[in-house]
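Colleague: Before I ask anything, let me first share the structure, which is written out below as structure tokens.
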Amino acid sequence: MSFPQQRPRRLRRTPALRRLVADTRVTVDDLVAPLFVKEGIAEPEPVPSMPGVVQHTLDTLRKEVDGLTALGVPAVVLFGVPSAKDARGSQADAPGGIVQEALRCLRDDVGDAVVLVADTCLDEFTDHGHCGVLTSGGEVDNDATLERYASIAVAQAAAGADVVAPSGMMDGQVAAIRSGLDAAGFVDTVILAYSAKYASALYGPFRDAAECAPRSGDRRSYQMATDRVREAVAETALDVDEGADIVMVKPALAYLDVIAEVRAAFDVPVAAYHVSGEYSMIKAATANGWIDGEAVALEHLMAIKRAGADFILTYLAREVAEGLAR
Ligand code: PBG
């Protein structure tokens, strides 16, 4: 009988050995918590398709961010649900708009202890639910939308956002926002660009949480087609060229190949968004007793890190941070 010469199991023998040789880690520093804040409600409202996620009041939002800060979560990203919507999404850049109000409160509460990211888009604020303003023919008007985005970014920066995150996939959005911010004196405001954002069915639960499902049509004329991978690098190159400080791939788990390609092609930090549907699938299977939800959550985040993401936007942020602190 011959004995194996190569013994990879040597390094798997004890927990300490396994810990020592790990090449990928998920830590609290990798986590960004997406949070919803809704105007005009007195109590937080649960989002049925996202167990554990709520639409916050200003008050409960502040408590949630305090809790995340105590856990060491370095950043949150805010989504607003306004009480009034119109065709141009006026509340998105109104100084009294819900996101601006939330930013001012949080800036006051946490100082620089947490990075405040504002999603810069129109779909939560328009009555038609699209990410831009529409032409008379009902199409999303790219260039008219750019002016809206620049104005929204400036309003968010003025209210205290450290980072603006354009998610609408309009051509030229990063350049328009950068020049708007610079002209208003916000030269230090960071742009986290949703660079490779695919038209995904995995956003379904988010559209309940943010009340932003398009009234008609879909987002395929602006978000990327799932059957194209080379375009992800091209789209990201445009954003980097236009001044994106950080780029993002979205969704995450179903697009690990895209994360790896973007990581290999660029030296700016790469974020990944583990989206609502990815979260809800874990919660549904866990509720049925079919999987160990905590273990699967960590395995998902580990895969996203392994693929090359520097940090992850995830609705799991709080529970994973709590788990890591135990
Ligand atoms: C658009 C936006 C969406 C998400 C983040 N920003 C929805 C969409 O593109 O339809 C989805 C995030 C998720 O599913 O968790 N402002």
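Colleague: Only one of (1) crowded, with 20+ Cβ neighbours inside 10 Å; (2) not in a helix (DSSP H, G or I) is not met by Ser83, so which one is it?
Modeller: Here Ser83 clears every test but (1).
Colleague: When you scan the stretch 47-80, how many residues do you find that are of a type in the set (A, V, I, L, M, F, W, C), over 19 Å from Val164 (Cα atoms), touching a strand residue (DSSP E or B) at 6+ places or on another chain (Cβ under 9 Å) and in a loop (DSSP other than H, G, I, E, B)?
Modeller: The qualifying residues number 2.
Colleague: Additional query: Those residues that are crowded, with 20+ Cβ neighbours inside 10 Å and closer than 30 Å to Val187 by Cβ, I need them from the stretch 247-268; list them, please.
Modeller: The answer is Val247, Met248, Val249, Lys250, Ile259, Val262.
Colleague: Of all residues in the stretch 14-28, which are in a loop (DSSP other than H, G, I, E, B), surrounded by 10 or more Cβ atoms within 10 Å (Cβ to Cβ) and without any contact (Cβ under 8 Å) to a residue 24 or more places away in the chain? Even if it seems obvious, please write down each step before you answer.
Modeller: So the first thing to find is which residues in the stretch 14-28 are in a loop (DSSP other than H, G, I, E, B), and the list is 14, 22-27.
Cutting the leftovers down to surrounded by 10 or more Cβ atoms within 10 Å (Cβ to Cβ) gives us 24-27.
Listed by number, the list is empty, since nothing qualifies.
Colleague: Please enumerate the residues belonging to the stretch 156-198 that are in contact (Cβ under 8 Å) with a residue 24 or more places away in the chain, aliphatic (A, V, I, L, M) and more than 16 Å from the ligand (Cβ to nearest atom).
Modeller: Of the stretch 156-198, the ones in contact (Cβ under 8 Å) with a residue 24 or more places away in the chain are 156-181, 184, 186, 189-198.
Filter once more, so that each one left must be aliphatic (A, V, I, L, M): 157-159, 161, 163-165, 169-170, 174-177, 181, 184, 190-193, 196.
Scanning the stretch 156-198 gives Ala157, Ala158, Ala159, Ala175, Ala176, Leu181, Ala184, Val190.
Colleague: Within the group Asp119, Asp127, which residue is under 21 Å from Arg219 (Cα atoms), within 16 Å of the ligand (Cβ to nearest atom), of a type outside the set (S, T, N, Q) and surrounded by fewer than 20 Cβ atoms within 10 Å (Cβ to Cβ)?
Modeller: Values: Asp119 fails: surrounded by fewer than 20 Cβ atoms within 10 Å (Cβ to Cβ).
Sole residue among the options that is under 21 Å from Arg219 (Cα atoms), within 16 Å of the ligand (Cβ to nearest atom), of a type outside the set (S, T, N, Q) and surrounded by fewer than 20 Cβ atoms within 10 Å (Cβ to Cβ): Asp127.
Colleague: Only one of (1) within 17 Å of the chain's Cα centre (by Cα); (2) at pLDDT 95 or above; (3) within 11 Å of the ligand (Cβ to nearest atom) fails for Asp208. Which number is that?
Modeller: (2)
Colleague: Restricting to the stretch 263-277, name every residue that is under 19 Å from Val117 (Cβ atoms) and either without any contact (Cβ under 8 Å) to a residue 60 or more places away in the chain or in contact with a helix residue (DSSP H, G or I) (Cβ under 6 Å, 6 or more places away or on another chain) (or both).
Modeller: Passing the criteria: Val268, Pro269, Val270, Ala272, His274, Val275, Ser276.
Colleague: Moving on. Return yes when Ala254 is more than 27 Å from Asp162 (Cβ to Cβ), in contact with an Asp or Glu (Cβ under 8 Å, 6 or more places away or on another chain) and of a type in the set (A, V, I, L, M) and no when it is not. Please lay out each step first, then the result.
Modeller: Numbers: more than 27 Å from Asp162 (Cβ to Cβ): yes; in contact with an Asp or Glu (Cβ under 8 Å, 6 or more places away or on another chain): yes; of a type in the set (A, V, I, L, M): yes.
Taking the combined requirement at face value, the residue satisfies it.
Colleague: Tally up the residues in the stretch 34-55 that are buried (at least 22 other Cβ atoms within 10 Å of the Cβ) and over 15 Å from Ala102 (Cα atoms), please.
Modeller: At the first step, the residues of the stretch 34-55 found to be buried (at least 22 other Cβ atoms within 10 Å of the Cβ) are 34-38, 53, 55.
If we keep only those that are over 15 Å from Ala102 (Cα atoms) too, we end up with 53.
So the answer is 1.
Colleague: Could I ask something else about it? Given (1) in a helix (DSSP H, G or I); (2) away from the ligand (no atom under 16 Å from the Cβ), identify the lone condition not met by Glu235.
Modeller: All conditions pass for Glu235, except number (2).
Colleague: Further question on the same structure: So how many residues does the stretch 288-326 have that are under 20 Å from Ala70 (Cβ atoms) and part of a loop (DSSP other than H, G, I, E, B)?
Modeller: Residues that pass the stated criteria total 3.
Colleague: If you don't mind, there's one more thing I want to ask. Considering only the stretch 298-326, how many residues are free of Cβ contacts under 8 Å to residues at least 24 places away in the same chain and closer than 15 Å to Arg25 by Cα?
Modeller: Of the stretch 298-326, the ones free of Cβ contacts under 8 Å to residues at least 24 places away in the same chain are 299, 326.
Remaining after also requiring closer than 15 Å to Arg25 by Cα: 299.
Result for the stretch 298-326: 1.
The values are calculated or read from the model by the stated rules, or taken from the named source; none is laboratory data. Please read these numbers as outputs of a predicted model, since none were measured by experiment. All Cβ positions, glycine included, derive from the backbone under ideal geometry; neighbour counts span all protein chains shown.
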